[in-house]
Each structure stands twice: as structure tokens, then as C-alpha cells.
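One structure below.
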Amino acid sequence: MKRGKKAEEAAAEGENDTASAPSKKAKAAKEPEAPILYDDPPDKMTSKDGRNANMKITSWNVDGLRAWVKKKGLDWVREEDPDILCLQETKCAEKALPAEITSMPEYPHKYWAASGDKEGYSGVAMLCKTEPIKVTYGIGKEEHDKEGRVITAEFPSFYLVTAYVPNASRGLVRLDYRKTWDVDFRAYLSELDMQKPLVLCGDLNVAHQEIDLKNPKGNKKNAGFTPEEREGFSQLLAAGFVDSFRELYPKQTNAYTFWTYMMNARSKNVGWRLDYFVLSSSLLPGLCDSKIRNKAMGSDHCPITLHIAVRLALRKLLSHSLQAYGRTPVW
């Protein structure tokens, strides 16, 4: 998420310069309060209905893929070892992708989308260990798709959509466009959901509730926390989708995924939760955990990870059944 300087400063709560002429009765300087940090708890690997997690998806706004690779972002990815890695704000045309990522043997199936109008702007990627049935780009509307913001992969029992949602921008100059995007994107997701359930992940560029950012009062007129953007997300949830983190941690405070580079915001944990795993409600029984990996460095966002139990493909189920009776399946 990118903001103008005023918005960045507003996000850093209580950081005004308090230097002034000394008072007549000088008081001892008050010790600054220690920041309240979010401690990502141990991963839960079992769903409410008792199934073990069999799919791990990681999403990360890397704020420039080439710089992120130089900052050793791939070392963290290899340690996390997700089945699918989704990246946003790659800012990199396919021809300029670093060899370190294009040659990764861990992910033989790689998909890239970049802005057709502006080089070094927007862009998303999806890296998979298992080949999807089908991969599509965009949401079927040229006004949105030219910015390279969405990749959709179809798997046997679900769709995975990764998105970098447009920012309303400094001065809210793109707020009207963002409102149009929200309507069109919701319609796209609802249409997919009628075919099979979906997982949406990425930088959705909205802090939904006051609990989702450090300084709600100072940001109500800033991109990412306007009533219009928040209402757009509320309408998405009302359409049959679930914010996986809030489903599991409804009252968790100080859990953020973005911090401006200014004013030591990250060390003070003055942040926003802008990155999400949103699920079709029918996938909720298989939800195991939704993680915020806030100790991972390399961007102004941190990665998030989803653990979920998804139903096996019908063919795989039949194969297992046949093998249990000593028969070899022939397809």
C-alpha cells in the first residue's frame, strides 16, 4: 500500500514533535511506553471438524520483487515452504524477473501478471508446487485488467484468487474508481463461488474495522480506511465470504500486516491489517489457522499464511478407495 506523506504521518499515531521552550517548572521526562507487539501464536493444524491441514498458502505484498529478492525474501519462503506462494505489488515485467525466482525448482508452475500501461507498477504472481487445472488473468473487465492485479487458479476442489486491490490514493483521487472496482470484483468472486468455493488472498488495501489499524481516528479520511472502502469489504463478507483471521481471532488487537517506512512505524507497531485470506463460507469447516508472520522482513508488508483442510479431488478419492481393495485405478 502506498500513501502520500500526510497519510503516512497520520498513520504513525502520537509521533508529533513535542519539542518546545522549557516550562518554568521542569518535570522529569516521562519514559515512552513500550510498543505492544503481536506475537504470532503456534500454528493450529486441525480444523473445527477434526481434519488435518493439507494445504498451506502464503501471500506477501513484496513492494517490488527485485528488491525483495535482494533482501533475501526467498530464504524465508523456503523456510516457510507453502504449497502455493502468492505475491503482490511485484512491480516487474515478466522479461525482467530475477533468475533466483524464475528458476526455483520448488515451484515448477509459475504465473505472472503485470501492468500493461505502467512498467514497474502493480503486478501479482502465483507459484505452485502442483499444477492448477486452469489459470486466468484479470476479472474480465478491461478497465481493471490492464493493471495486472488478479490471477485465478482453479484446483479440483476450490479456486484460488490472488489480488492487489487498487489504492484510493493520496487525496482519495481514485476513490470513485475503487468503489467501481469493489462492485465488479465482488461480482466476479460471487460468480466463481457459484461454481466451487474459493480462497481470496492478497493486499486488499482496506483496514475493515477500527481494530485493524493503530490509529483509526486519524485515518478516517485516508485511503484504506474511508467509510466507502470499509463498506465495500463489508458487502463482500455479506455476499457469503469470511475474513479468516477475524473468524479465528475476533478480538485480537495490534495484529497488523503493513507499516509505513516512516517514523519507525514497524518497530513501534503502528500499522494496518491490509492483507487477508478471505474464504467462501463453505470452506469454513476446514479452516485450521490464519497466520500473520510479522517477524518476516523484506517489505513494508509482512507475509500471511493459511492452513486449511480441503477436500481431496474425486479422482484421488476413488484412487484411494480402489487401492484399499487391492485394485489399480486406470484413468
Unmet requirement for ILE57, which otherwise passes all of (1) farther than 22 Å from PHE155 by Cβ; (2) in contact with a strand residue (DSSP E or B) (Cβ under 9 Å, 6 or more places away or on another chain): (1)
Whichever residue in the stretch 276-285 is among the hydrophobic types (A, V, I, L, M, F, W, C) and assigned to a strand (DSSP E or B) and, among such residues, is surrounded by the fewest Cβ atoms within 10 Å (Cβ to Cβ): VAL278
Test: residue in the stretch 166-175 that is within 23 Å of LEU283 (Cα to Cα), out of contact with any Lys or Arg (no Cβ under 8 Å at 6 or more places or on another chain) and among the aliphatic types (A, V, I, L, M): no
Residue count, the stretch 133-188 (criterion: of a type in the set (S, T, N, Q) and touching a strand residue (DSSP E or B) at 6+ places or on another chain (Cβ under 8 Å)): 3
Qualifying residue in the stretch 14-28 (condition: outside any loop (DSSP other than H, G, I, E, B) and either in contact with a Ser or Thr (Cβ under 7 Å, 6 or more places away or on another chain) or modelled with pLDDT under 80 (or both)): no
Residue list for the stretch 149-171, restricted to those being more than 14 Å from the chain's Cα centre (by Cα) and of a type in the set (A, V, I, L, M, F, W, C): ALA153, PHE155, PHE158, ALA168
Residue tally, condition out of contact with any Phe, Trp or Tyr (no Cβ under 9 Å at 6 or more places or on another chain) and open to solvent by 10 Å² or more (accessible area, probe 1.4 Å), over the stretch 286-313: 2
Residue satisfying all of: in the stretch 42-55; under 25 Å from GLY298 (Cβ atoms) and open to solvent by 40 Å² or more (accessible area, probe 1.4 Å); farthest from the chain's Cα centre (by Cα) among these: PRO42
Search result, residues across the stretch 49-71 that are within 19 Å of CYS201 (Cα to Cα) and either in a loop (DSSP other than H, G, I, E, B) or without any contact (Cβ under 8 Å) to a residue 24 or more places away in the chain (or both): ALA53, ASN54, VAL62, ASP63, GLY64
Where a residue in the stretch 110-123 is without any contact (Cβ under 8 Å) to a residue 24 or more places away in the chain and its partner, wherever it lies, is polar (S, T, N, Q) and crowded, with 16+ Cβ neighbours inside 10 Å, with Cβ under 7 Å and at least six apart: none
Sole exception among (1) touching a Gly at 6+ places or on another chain (Cβ under 8 Å); (2) at pLDDT 95 or above for ILE304, by number: (1)
In the stretch 286-310, residue nearest to GLU247 (Cα to Cα) [restricted to those that are of a type in the set (D, E, K, R) and either without any contact (Cβ under 8 Å) to a residue 24 or more places away in the chain or in a strand (DSSP E or B) (or both)]: ASP289
Candidate set: the stretch 72-115, residues that are among the charged types (D, E, K, R) and outside any loop (DSSP other than H, G, I, E, B); chosen: the one nearest to LYS129 (Cα to Cα): LYS110
In the stretch 231-262, the residues that are in a helix (DSSP H, G or I) and open to solvent by less than 20 Å² (accessible area, probe 1.4 Å): GLY232, PHE233, LEU236, SER244, PHE245
Where LEU97 falls short, out of the listed (1) buried (at least 19 other Cβ atoms within 10 Å of the Cβ); (2) under 13 Å from PRO303 (Cα atoms); (3) not basic (Lys, Arg): (2)
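The values are calculated or read from the model by the stated rules, or taken from the named source; none is laboratory data. Bear in mind that the values here come from a model prediction, so they are computed numbers and not experimental data. All Cβ positions, even for glycine, are placed from backbone atoms using ideal geometry, and neighbour counts span all protein chains on display. Note: areas computed on protein heavy atoms with side chains; ligands, DNA, RNA excluded. Shrake-Rupley method; radii C 1.70, N 1.55, O 1.52, S 1.80 Å.
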